[in-house]
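S.K.: The structure that follows is given in the form of structure tokens.
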Amino acid sequence: MAKGIGWDMEATGLLPKSIVIVGGGTAGWMTAAALARFVGHKVKIIVIESSDIGTVGVGEATIPPIRNFNAILGLDEAEFVRETKGTYKLGIESCDWVKPGHTYFHPFGVYGPTLNQPNFFHQWLRARAGGPVPDLCEFSLCSLAAREGRLAPQGRDPASIQATLTSAFHFDAGLYAAYLSKFAQARGVRRLDQKVLSVRQAGETGAIEAVLLESGEAVEGDFFVDCTGFRGLLIEQTLKTGYEDWRAFLPADRALAVPTAKQGPAMPYTRSTARLGGWQWRIPLQHRTGNGYVYSSQFISDEAAHESLMANLDAPALAEAKPLRFVTGRRKKLWNKNVVAIGLASGFLEPLESTSIHLIQTGITKLLDFFPSQHHHAANAATYNRLGQEEYESIRDFLVLHYRANQRMGEPLWDYCRHMALPETLQERLALFQHGGRVPPHAFDLFTETSWVAVFMGQGIEPIGYNPLVEVHEGAAGRQFLADAHRALADVTRQLPQHEDFLRQVGMMPA
């Protein structure tokens, strides 16, 4: 797709002569790597980053589409995992979100024994209405394997059970950026280790003409990508784009992040644990564990949040806790004039479902889909912005669901969330699920039916009915199908190797 766009542009001489990426880190180097892969042989690509300016390093846990991004770059998976000290991820364990002591698992993949098993969830609902059946998580290979700490490659035969073993990665975000920096520079991307002192705009249009560096150099470009993090040097400080604040729905506005020593074998899943003022993450890597506390300053002090985080670590801290402040939401435009904001410069949705790196990825994908020419076309920017808005809102709704459906009575944050007004789009989803278990696909949904079902059910929202089409299956046969599927999934799980054994066997982790 992106290659085809490149051919069209080249044929008509419309390709921009240069693209300037301001800011490095994960967002900057993912963007540079993708542009180098698709247009680097025709377009000059420059990354400006300063070694004196630290990066947030947000996003050490990912979701399955990251595999597509790595694949289009042509990365070797074993090398990538090895270089980033990575591990695999089969889903997210959510602890205490409904109430203290309650746990559920949001798996990747699907429920059922194959990738193509229509209405499996509704078959399960119908069978449960007729008598006891195993929990829904028992029908997910990702859930079963995660619980046992097992991992193997996803099967290639879509009819096989192992084809449902969908995975993503945990990795060191700093190492990932460095890995992609080498990749991009080897393909002609120019890196300037400089601070940007000012920005020059065109007098008539207000478009960015150049950024002025501390060395005195003016770096001109036809198109600019803002990867400067929360400050949004180009998209906000220069172009005054505006920001849509979503703290009414997602009140967390601060975080603390701290690495700890590795504690036992790395399990193939992320854990999020609800706390008094927010929630705590745990991300296992090969060499350490990433931890953090996302919280609302309206409901807990910085000191109390720090005390809670440090008291709930399972291993010694390797550094001081790093504080972050943010406003949940997004820019009113992600593409304004000749600037696209990617990463934290475009907005922020807390990392509850590991979407930070994914939003970088989809920002890059849309940029390739609507690749700019030397002559600005407003329709490209308008479509990019509309699609980005829909994506942000869909992810926002999924995160809000976790907060809204809770039974943590008498805790100010959780009482607020239980009674807060909901976006209309989430109200519609809730109504459809509660009255029949429906999860209608939306055009640009990131999260699958499996994800929505896992969180609805995990948070205690259960449907009062099911899809009537499953009535075409005879009752006993339907229950026998579930029994056979349950047994087969358990059998496959037992045959999978342990997670770290697999990493060592394929050379991703030192023996």
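The values are calculated or read from the model by the stated rules, or taken from the named source; none is laboratory data. These numbers were taken from a predicted model, which means no experiment stands behind them. Positions of Cβ are generated from backbone atoms using ideal geometry, with glycine treated the same way; all protein chains shown enter the neighbour counts.
S.K.: Can you pull out every residue in segment 94-121 that is out of contact with any Cys (no Cβ under 6 Å at 6 or more places or on another chain), within 18 Å of Thr164 (Cα to Cα) and not in a loop (DSSP other than H, G, I, E, B)? Steps first, please.
M.R.: The initial filter retains those residues of segment 94-121 that are out of contact with any Cys (no Cβ under 6 Å at 6 or more places or on another chain), namely 94-102, 104, 106, 110-121.
Those still in the list that are within 18 Å of Thr164 (Cα to Cα) too: 106, 110-121.
Once the filter is applied, which keeps residues that are out of contact with any Cys (no Cβ under 6 Å at 6 or more places or on another chain), within 18 Å of Thr164 (Cα to Cα) and not in a loop (DSSP other than H, G, I, E, B), segment 94-121 yields His106, Phe120, Phe121.
S.K.: Any residue at all in segment 147-158 that is more than 28 Å from the chain's Cα centre (by Cα), at pLDDT below 95, of a type in the set (Lys, Arg) and surrounded by fewer than 19 Cβ atoms within 10 Å (Cβ to Cβ)?
M.R.: Residues of segment 147-158 that are more than 28 Å from the chain's Cα centre (by Cα), as a first pass: none.
No: zero hits.
S.K.: Residues of segment 275-304 being more than 19 Å from the chain's Cα centre (by Cα) and of a type in the set (A, V, I, L, M, F, W, C), which ones?
M.R.: Leu276, Phe299, Ile300, Ala304
S.K.: Scan segment 387-400 and give yes if some residue there is surrounded by fewer than 18 Cβ atoms within 10 Å (Cβ to Cβ) and of a type in the set (Lys, Arg), otherwise no.
M.R.: No; the residues of segment 387-400 include none that is surrounded by fewer than 18 Cβ atoms within 10 Å (Cβ to Cβ) and of a type in the set (Lys, Arg).
S.K.: What's the number of the condition Ile48 fails, among (1) more than 30 Å from Val339 (Cβ to Cβ); (2) in contact with a Leu (Cβ under 7 Å, 6 or more places away or on another chain); (3) not basic (Lys, Arg)?
M.R.: (1) is the only condition that Ile48 fails.
S.K.: Sticking with this one: What number of residues within segment 161-215 are part of a loop (DSSP other than H, G, I, E, B) and either aromatic (Phe, Trp, Tyr) or free of Cβ contacts under 8 Å to residues at least 40 places away in the same chain (or both)? Write out each step before concluding.
M.R.: To start, the set of residues in segment 161-215 that are part of a loop (DSSP other than H, G, I, E, B) comprises 165-167, 171-172, 187-189, 194-195, 202-207, 214-215.
When the remaining residues are screened for being either aromatic (Phe, Trp, Tyr) or free of Cβ contacts under 8 Å to residues at least 40 places away in the same chain (or both), the result is 171, 202-204, 214-215.
Looking only at that region, the number is 6.
S.K.: Collect the residues in segment 452-511 that are part of a helix (DSSP H, G or I), in contact with a Gly (Cβ under 8 Å, 6 or more places away or on another chain) and modelled with pLDDT under 95, keeping them in residue-number order.
M.R.: Correct list: Val470, Gly475, Arg479.
S.K.: With Val294, Val340, Val258 as the choices, which residue is in contact (Cβ under 8 Å) with a residue 24 or more places away in the chain, in a strand (DSSP E or B) and in the same structural domain as Ile48 (by TED's automatic domain parsing)? Write out each step before concluding.
M.R.: On the way: Val294 fails: in the same structural domain as Ile48 (by TED's automatic domain parsing); Val258 fails: in the same structural domain as Ile48 (by TED's automatic domain parsing).
Of the residues listed, the single one that is in contact (Cβ under 8 Å) with a residue 24 or more places away in the chain, in a strand (DSSP E or B) and in the same structural domain as Ile48 (by TED's automatic domain parsing) is Val340.
S.K.: While we're here: Could you tell me whether segment 82-105 includes any residue that is in contact with a Phe, Trp or Tyr (Cβ under 7 Å, 6 or more places away or on another chain), among the acidic types (Asp, Glu), buried (at least 19 other Cβ atoms within 10 Å of the Cβ) and at pLDDT below 95?
M.R.: no
S.K.: Now a separate question. Would you confirm whether any residue within segment 325-335 is assigned to a helix (DSSP H, G or I), on the phi > 0 side of the Ramachandran plot and under 18 Å from the mean Cα position of the chain (by Cα)? Quick ask: steps written out before the conclusion?
M.R.: Going through segment 325-335, the residues assigned to a helix (DSSP H, G or I) turn out to be none.
Within segment 325-335, none of the residues are assigned to a helix (DSSP H, G or I), on the phi > 0 side of the Ramachandran plot and under 18 Å from the mean Cα position of the chain (by Cα).
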